[in-house]
Amino acid sequence: MKGDGLFVRDLVQKFPLIEDMKKGKEVFWLNPGLDNVLPREVSKADIEDASERLARFAPYIVRAFPETSPGGGSIESPLKNIPEMKAFLNGEAGGGLSGRLLLKCDSELPISGSIKARGGIYEVLCFAEKVALESGLLNRSDDYAVLAEDRFRELFSRYAVSVGSTGNLGLSIGIMGARLGFRLTVHMSADARQWKKDLLRQKGAKVAEYRGDFQMAVAEGRRQAEGDPLCHFVDDENSRDLFLGYAAAAERLKRQLDGMGITVDSGHPLFVYLPCGVGGGPGGVTFGLKHVFGENVHCFFAEPVQSPCMLLGIMTGLHDGICVQDVGLSGRTSADGLAVGRPSKLVGRLVGNLLDGLFTVSDSRMEALVRDLYTREGIFVEPSAAAGFPGFAAVQRNGGYAERLTPSAMDHSVHIVWATGGSMVPEGERKKYLAG
């Protein structure tokens, strides 16, 4: 264990903010390594390929999930104005907050009701396409609605898909994978909500439970998958396909902004606040946004005070070489989707120089924000999905931040809080969250 002694003392000397993090305080960190240089490992063509694959699968998705038919099989969420929530946050901050505040409602995404529907479902579709094409039963020119036929379910039933998850990724992969016909195993940590485990079993997935944290569930899932040549393991810590599924959201968001008459340029900057667990979802979205908007979009990750794994990894440059337990934090949080002690092996290295900053939020604050949003806008999200709201005030209250913008740009800014999950939460659980 690195947790005490010289290692931590040396880190605190180099990065004094860790002292406050160790105490469980909320912190705000601006990234001195921001340069907006896009990495070569993943290209715009890769994102376009992901978008094209999702389009090929749209006829199947409509057939398998009729609730997606109004959107033509597109797995997309609304972008909503939340003026009452802006007024509330402005009042809390003592006034003076500029810009327009919007909510990206991935809490309402079709099929599994969370941002994980983007990456998780996409990776399952990638695997299904590969298996179907290699079998000779499918050609890329076919109408992919045929994948709902029994002959494909029989084909897919010969294969297994497994994943380690704290909840929402498992739901997305479990629901789509089971519908296609794959044998599903979701390895879940103790942090996962019981209702998510119950729902997965209802959908036909096997749920393996572990007393340890997210990393233990992932490691065990990976180990078991390695022994089965017909098993595809979705590696939330290191998956390129997951990353690309999230990245495809950016061009869709641009179309929504265009439809609302919203311009994004140096005089009208876009700020996006993304809750972060292991990092795949927010990292992929950030990567896509930077391809679409360049330096005119400013991305921030939000993490719980007890599990700021991405902040530790990027700030120190150690990435997955450090975990929150190394500095004495527990990694435990009521925001189950963010209960991750060690960041992705892939994401920090790909987007660390694209992030404007990161900040941490207490559990009590996330839980209160769930109630605040519902009271003022009638929108329900789960606690992890509310983590981004403090960023709206934090970036405007930080004394040095305005230096990164053109004069008066903040007055014309647009701020998006990315609500990552909530619509699948059972009514009884919702009442508990809203009761406080």
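The values are calculated or read from the model by the stated rules, or taken from the named source; none is laboratory data. These numbers come from a predicted model, not from an experiment. No Cβ is skipped: glycine too gets one built from the backbone with ideal geometry, and neighbour counts run over all protein chains shown. Areas reflect the complete protein model, heavy atoms only, side chains present, ligands, DNA and RNA absent. Shrake-Rupley method; radii C 1.70, N 1.55, O 1.52, S 1.80 Å.
Within 10 Å, count the other beta carbons around each residue, average over each peptide in 406-412, 274-280, and list them highest first.
Working: 406-412: 13.3, 274-280: 31.3.
For the peptides 406-412, 274-280, the packing ranking is 274-280, 406-412.
The C-alpha atoms of the chain define a longest principal axis, and helix 249-259 lies at about 70 degrees to it.
Just flag the GluC sites (Glu not before Pro) in the stretch 3-60 sitting in loop per DSSP whose Cβ has no more than 11 other Cβ atoms within 10 Å.
Details: sites: GLU19, GLU26, GLU41, GLU48, GLU52; in loops: GLU26, GLU41.
Passing sites in the stretch 3-60 are GLU41.
Once R0 is set to 35 Å, what does the formula 1/(1 + (r/R0)^6) return for the Cβ-Cβ distance between SER330 and ARG430, expressed as a FRET efficiency to the nearest 0.05? Walk me through the numbers before you get to the answer.
Values: r = 26 Å, r/R0 = 0.75.
Plugging the Cβ-Cβ distance into 1/(1 + (r/R0)^6) gives 0.85.
Put simply, when 187-194, 306-313 are sorted by average Cβ atoms within 10 angstrom per residue, most first, you get 306-313, 187-194. When the Gaussian network model of the chain links Cα atoms closer than 10 Å, the mean-square fluctuations of GLY91, GLY245, GLY328 top out at GLY91.
Listed here are the pairs LYS44/LYS86; LYS130/LYS345; LYS25/LYS86; which of them are more than 27 Å apart at the Cα? Check vs 27 Å cut-off fails for LYS44/LYS86.
When the Cα positions of GLY167, TYR144, CYS126 are compared along the charge dipole of the stretch 65-205, GLY167 comes out farthest toward the positive end, with charges on each C-beta of Lys, Arg, Asp and Glu. Each of ARG201 and ARG371 was given a label point 7 Å from its Cα along the Cα-to-Cβ line. The distance between the two points is 3.2 nm. Placing dummy labels 7 Å off each Cα toward the beta-carbon, the span from THR316 to VAL37 is 2.5 nm.
Of the accessible area of the chain, computed with a 1.4 Å probe over protein heavy atoms only, carbon and sulfur atoms account for 48 percent.
One decimal place: the segment SER364-ASN238 gains 42.3 nm when fully extended, by the rule 0.36 nm per residue minus the C-alpha distance. When the chain is treated as a GNM with alpha-carbon contacts under 10 Å, the residue of GLY341, GLY391, GLY321 showing the greatest mean-square fluctuation is GLY321. For the stretch 16-110, applying the loop criterion from DSSP together with a ceiling of 14 other beta carbons within 10 Å to the trypsin sites (Lys or Arg not before Pro) yields LYS23, LYS25, ARG40.
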